[in-house]
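K.L.:
First the structure, which I've put down as structure tokens, then a few questions once you've had a look.
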Amino acid sequence: MADKLTRPFQSFKSGVTAIPTQFFSDVLPWIDDMDELKVTLFGFYLLNQFVGDMRYIIIDDFLELSGVIEAFGAENARARVRAGLEKAAERRTFLTVDYGGRTLYFLNSPKGRAAVRRLTSGEWTPDAFLHLSRTVDLDRPNIYTLYEENIGPLTPLIADRLRAAEEKYKPNWIADAIEKAVVSNVRSWRYVEAILMSWKENGRDGTERDDR
């Protein structure tokens, strides 16, 4: 532990994780438990790995992260994550729904509350818990990282446009469109968006379509 405390941090790499602004004024000042704080921050990171309106996380998602094991210790990770989640849920940072023998955690946001309503009313059913171990590659850069590394600085306006694109297009389409813009040496989001719109309307290579 001493080595970790004294070893200087080298630098942040590119890439961002969205954290609600209100967290810093209405939640963070009142958290006095380190496990709750760590779990909350890891939870924000995990939720950012998914796309769409129906985002939720389960305890096993946390245990897929090497950082969680380092933060809590391999032997105690599950128990400490669970305890931190219970405190975060009691604070209502996360909303919980028991489903299929597991507890699902949703961010207490307009979209998170809507997802909870749809789940509890039977309008929506989670897709068999196909979570991080199957659907998300944590080593794959998200679209914010891809934008910063290939197009330009990530401004608040661009971040909003990227979030909107996540809701509208397949993640691999966005990555491929950014790559196409780089190859064409036209490094602008407007150009990337034009590619995506064309693919959505006409299909990729005249075949693959995204009918979201």
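K.L.:
Search region 24-59 for residues being over 30 Å from Asn172 (Cα atoms) and among the aromatic types (Phe, Trp, Tyr), and hand back the single one that is surrounded by the most Cβ atoms within 10 Å (Cβ to Cβ).
P.N.:
Result: Phe24.
K.L.:
Among Thr96, Thr40, which is the only one that is of a type in the set (Ser, Thr, Tyr), touching a strand residue (DSSP E or B) at 6+ places or on another chain (Cβ under 7 Å) and not assigned by TED's automatic domain parsing to the domain that holds Arg163? Can you show your working first?
P.N.:
Details: Thr40 fails: touching a strand residue (DSSP E or B) at 6+ places or on another chain (Cβ under 7 Å).
Checking each option against the conditions leaves just Thr96.
K.L.:
Given the criteria surrounded by 11 or more Cβ atoms within 10 Å (Cβ to Cβ), within 15 Å of the chain's Cα centre (by Cα) and within 29 Å of Ile158 (Cα to Cα), does Arg113 qualify?
P.N.:
No, not satisfied.
K.L.:
Identify, please: which residue in region 164-182 is loosely packed, with under 15 Cβ neighbours inside 10 Å and within 18 Å of the chain's Cα centre (by Cα) and is, among those, nearest to Val16 (Cα to Cα)?
P.N.:
Ala164
K.L.:
Within the group Arg102, Arg117, Arg92, Arg113, which residue is over 23 Å from Pro20 (Cβ atoms) and of a type outside the set (A, V, I, L, M, F, W, C)?
P.N.:
Only one candidate qualifies: Arg102.
K.L.:
Looking at (1) on the phi > 0 side of the Ramachandran plot; (2) modelled with pLDDT of 80 or more, which is the only condition Trp173 fails?
P.N.:
Answer for Trp173: the failing condition is (1).
K.L.:
Condition check: free of Cβ contacts under 8 Å to residues at least 60 places away in the same chain, in a helix (DSSP H, G or I) and not assigned by TED's automatic domain parsing to the domain that holds Phe50. Does Asn185 satisfy that?
P.N.:
For Asn185, the condition - free of Cβ contacts under 8 Å to residues at least 60 places away in the same chain, in a helix (DSSP H, G or I) and not assigned by TED's automatic domain parsing to the domain that holds Phe50 - is not met.
K.L.:
Give me the residue from region 66-97 that is part of a loop (DSSP other than H, G, I, E, B) and of a type outside the set (Lys, Arg) and, out of that set, surrounded by the most Cβ atoms within 10 Å (Cβ to Cβ).
P.N.:
That would be Thr93.
The values are calculated or read from the model by the stated rules, or taken from the named source; none is laboratory data. All values reported here derive from a predicted model rather than from experimental measurement. Virtual Cβ from ideal backbone geometry, glycine too; neighbours counted across all protein chains shown.
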